[in-house]
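Each remark here refers to the structure printed beneath this line.
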Amino acid sequence: MKRVFSGVQPTGNIHLGNYLGALKQFVELQNDYQCVYCIVDMHAITVPQDPAELKKHILDVAALYLAVGVDPEKSIVFVQSDVSGHAELSWLLTCNSYTGELSRMTQFKDKSKNKESAPAGLFMYPVLMAADILLYDTDLVPVGNDQKQHIELCRDIAGRVNGKYPGTFVIPDGYFPKEGARIMALDDPTKKMSKSAENIHSRISLLDEPSKIKKSIMKATTDSDGIIRFDIENKPGVSNLLNIYSALTGESVSSLETRYEGKGYGDFKKDLVTVTADALAPIRDKFNEIRYSSELTQILRDGAARADSIAQKTMARVKENFGLGL
Ligand code: AMP
Ligand code: TRP
């Protein structure tokens, strides 16, 4: 069976972009692949974290994985730092990476902009991500569009290592959803929806109450021509809302355009509020059911053991190929 790997950082405010860009695909791929889903806590510490908050967010993301429909009977769910192979492989990949290619990562450039010096962890972030993926002989990586460059780098590093040490890694492919791969901020549709934006109405968090969902969508930036049409260039706000509607319901954007012909933004937004609230209600219920149950930690422990047994096999092969150890 082919293998899927993906990860989400344990920071607060997991939002509709995370869901439509990544989590929704996690669930859909479960029947056809062996899926390994990780909570990447070692990526989170590339920026300062409060230890108590980090612990809480790890369990929040784990509970959200299950709440959206990741099934621990089918998929492996675990916390990155519980499997030592991630840090170990990361070093071996570091020694096969170049500062030039790492300096070209747009995420690093954004985060280190206007700083004389940046945390080395931020710089090495994509190498740790490559280690996550390659450690499990991954075939497919479901992520949002913002991770495209990191996936390309992972493929480059794996290809380079295979050139030196043949047969070491499986070369993975990225898997990007057609709709939902890039959900934009509701208050400014030229920026992507993010966990850290100050305005809470810029995003819809997966655990938002219906009243908050309504407020955020009704406030969402549109334009003044009043036509519900997909046109990213000229109508980024309306296009983003169409994208969200389509990704949540499966109805195509062109069908939505036809259905809402002659109707106003108000009607369209009201319907989108209903669609969004209906999609998120079962997720919120399941989250509340599972977040404080003892089952959750048991699932993560069991997941770490299963992940570790795959990781150890990969590490033995990689070390042997590199000529490391006894
Ligand atoms: P992160 O929160 O950065 O760990 O992201 C978790 C997953 O959500 C990754 O696969 C991202 O590519 C995806 N993602 C984050 N923001 C967005 C967005 N605005 N639209 C679509 N996907 C996103
Ligand atoms: N960098 C990813 C993000 O910010 C999270 C991540 C870490 C990841 N390791 C991964 C995603 C491995 C896919 C595969 O969204």
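State log₁₀ I(q)/I(0) for segment 1-142 at q = 0.11, 0.14 Å⁻¹ as given by the Debye formula over alpha-carbon point scatterers of equal weight, solvent excluded.
One equal scatterer on each Cα of segment 1-142 leads to -0.43, -0.70.
One-quarter of the Cα convex hull surface for segment 192-326, in nm²? List each step's numbers first, then the result.
On the way: hull surface 54.2 nm².
Spelled out: convex hull of the Cα atoms, projected over all directions, averaged, 13.6 nm².
Taking amide H positions as placed 1.01 Å from N in the peptide plane, with prolines and chain starts having none, which residues 5 or more places from G7, or on another chain, fall under 5 Å of its amide H?
C38
Can you list the HN-Hα couplings for segment 306-320, worked out from phi with the Karplus curve (6.51, -1.76, 1.60; θ = phi - 60°), rounded to whole Hz and with x for Gly and Pro?
Ordered by residue, 3J(HN,Hα) equals 5, 5, 4, 5, 5, 4, 5, 5, 4, 4, 4, 5, 5, 4, 4 Hz.
Express in nm, to one decimal, how much length is gained between I227 and S196 on full extension, taking 0.36 nm for each residue of separation and deducting their alpha carbon distance. Please list the in-between numbers first.
On the way: separation 31, 0.36 × 31 = 11.16 nm, distance 3.12 nm.
Contour length minus the Cα-Cα distance gives 8.0 nm.
Connecting C-alpha atoms closer than 10 Å in a GNM of the chain, tell me which of G163, G12, G21 has the biggest fluctuation.
In this elastic network of the chain, the residue with the biggest mean-square fluctuation among G163, G12, G21 is G163.
Which Cα, out of Y136, N114, W91, lies furthest along the positive dipole direction of segment 88-153 (beta carbon charges, K/R +1, D/E -1)?
Positive-most Cα among the choices belongs to N114.
Which is farthest toward the positive dipole end of segment 195-326 among L241, G264, S224, measuring Cα position about the Cα centre, with Cβ charges +1 (Lys, Arg) and -1 (Asp, Glu)?
L241
For the pair Y98 and S117, how long in nm is the line joining their label points, each one 7 Å along Cα→Cβ?
Calculated label separation equals 2.6 nm.
Placing +1 at every Lys and Arg Cβ and -1 at every Asp and Glu Cβ, with all other atoms neutral, what dipole size does segment 38-129 have around its Cα centre, in debye to the nearest 20?
Details: 8 positive and 11 negative charges, 77 e Å.
Rounded to the nearest 20 debye, it is 360 debye.
Can you compute the equivalent ellipsoid semi-axes for segment 253-294, i.e. the square root of 5 times each eigenvalue of the Cα gyration tensor, sorted largest first and rounded to whole Å? List each step's numbers first, then the result.
Working: eigenvalues 230, 19, 4 Å².
Working through the eigenvalues yields semi-axes of 34, 10, 5 Å.
May I ask what percent, to the nearest 5, of DSSP beta bridges between residues of the chain are antiparallel?
Working: 3 of 17 bridges.
Here the antiparallel bridges make up roughly 20 percent for the chain.
In debye, nearest 20: dipole of the chain around its Cα centre with unit charges on the Cβ of K, R (+) and D, E (-)? Provide the component values of the computation, followed by the final result.
Working: 39 positive and 42 negative charges, 81 e Å.
Roughly 400 debye, rounded to the nearest 20.
Would you work out which of Q149, A62, T297 lies farthest towards the positive end of the dipole of the chain, given +1 charges on the beta-carbon of Lys and Arg and -1 on that of Asp and Glu, about the Cα centre?
So the residue we want is Q149.
Show me, for segment 239-246, the HN-Hα J-couplings you get by feeding each phi into the Karplus relation (A = 6.51, B = -1.76, C = 1.60, θ = phi - 60°), rounded to Hz, glycine and proline as x.
For segment 239-246, the Karplus-derived couplings read 4, 4, 5, 4, 4, 5, 4, 5 Hz, x marking Gly and Pro.
Starting from the Cα of K212, draw a straight line to each of the lysines and keep only those under 22 Å, dropping any in the same chain fewer than 8 residues away.
K24, K191, K192, K195, K269, K270, K286
Kindly provide the Kirkwood hydrodynamic radius of the chain in Å, to one decimal, from all pairs of distinct alpha carbon atoms. Can you show the working numbers first?
Details: mean 1/r = 0.0480 Å⁻¹.
Taking every pair of different Cα atoms in the chain, averaging 1/r and inverting gives 20.9 Å.
Order 105-112, 125-132 from most to least packed using the mean count of other Cβ atoms within 10 Å. Let's see the in-between values first.
Working: 105-112: 14.4, 125-132: 24.4.
My ranking of the peptides, most packed first, is 125-132, 105-112.
Readers should treat all values here as calculations from the given coordinates under stated rules, not as data from a laboratory. Note that the structure is predicted; figures quoted are calculated from it, not measured. Heads up, the Cβs are rebuilt from the backbone with ideal geometry, glycines too, and the neighbour counts pull from every protein chain shown.
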